[in-house]
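Notes to accompany the following structure.
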Amino acid sequence: LEGVRRVSKYAEQAAEKLMSSNPLVFKEFRGRGLLIGFVCGPTNSGLVNSALDHGLLCHTAGNNVLRLLPPLIIDETHVDEAFTVLDVVAKSSAA
């Protein structure tokens with residue numbers, strides 16, 4: 001559980017950076033533990049499909065939310081990999 005708390009806090013900090021560099025794409029962060037969601041500016045299904053094309057499995061949820069549900073055994077390097085993909089997807093979406 002300590003590892004989940006550590007990685008969850010790291011993911012929240014990384015999410016803030018991701019949103020600040022892509023404010024038109026990621027409007028809001030929602031999360032509890034490692035259940036991570038981003039309220040999206042563009043349609044979330046397009047972002048999810050693009051992320052999948054880049055090897056990141058995520059899905060849609062609720063009202064235009066992109067959701068990540070990683071296993072509890074992830075570490076900070078996995079968060080970095082996932083958020084790097086989301087950054088690439090966001091930049092291509094905004095272009």
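Roughly how many whole Å is it from the C-alpha centroid of the stretch 72-87 to that of the stretch 15-56?
13
Just to be sure I understand, if you calculate Rg and Dmax of the Cα atoms in Å for this structure, which of (i) 13.4, 42; (ii) 12.2, 40; (iii) 14.4, 43 do you get?
It is the one labelled (ii).
In percent, what relative contact order does the chain have, based on Cα pairs under 8 Å that are 6 or more apart in sequence?
30
Take each complete run of DSSP H in the chain, measure how far its Cα atoms stretch along the helix's own axis, and keep only those covering 24 Å or more with mean Kyte-Doolittle hydropathy at least -1.0; list them.
2-21, 76-94
Based on the Cβ-Cβ distance from R6 to H59, what FRET efficiency comes out when R0 is 30 Å, to the nearest 0.05?
Step by step, r from the Cβ atoms, then E = 0.75.
Under a plain spin-label model, where a point goes 7 Å from the Cα along Cα-to-Cβ, how far apart in nm are S45 and K27?
1.8
Under a cut-off of 16 Å between alpha-carbon atoms, report the lysines in cross-link reach of K91, not counting same-chain residues fewer than 8 places apart.
K17, K27
Skip the ligands, DNA and RNA, and give the accessible area per residue of the chain with a 1.4 Å probe, whole Å².
Value returned for the chain: 59 Å² of accessible area per residue.
Once you put a point 7 Å from the Cα of E76 and another 7 Å from the Cα of S20, both along the Cβ direction, what distance in nm separates them?
Between E76 and S20, the simple spin-label model gives 1.7 nm.
Please report the carbon-and-sulfur percent of the accessible area for the chain; probe 1.4 Å, protein heavy atoms only, DNA, RNA and ligands left out.
Of the solvent-accessible surface of the chain, carbon and sulfur hold 55 percent.
The values are calculated or read from the model by the stated rules, or taken from the named source; none is laboratory data. This structure is a prediction, so every number in the text was calculated from the model and none was measured. All Cβ positions, glycine included, derive from the backbone under ideal geometry; neighbour counts span all protein chains shown. Surface accessibility is based on the protein's heavy atoms, side chains included, excluding ligands, DNA and RNA. Shrake-Rupley method; radii C 1.70, N 1.55, O 1.52, S 1.80 Å.
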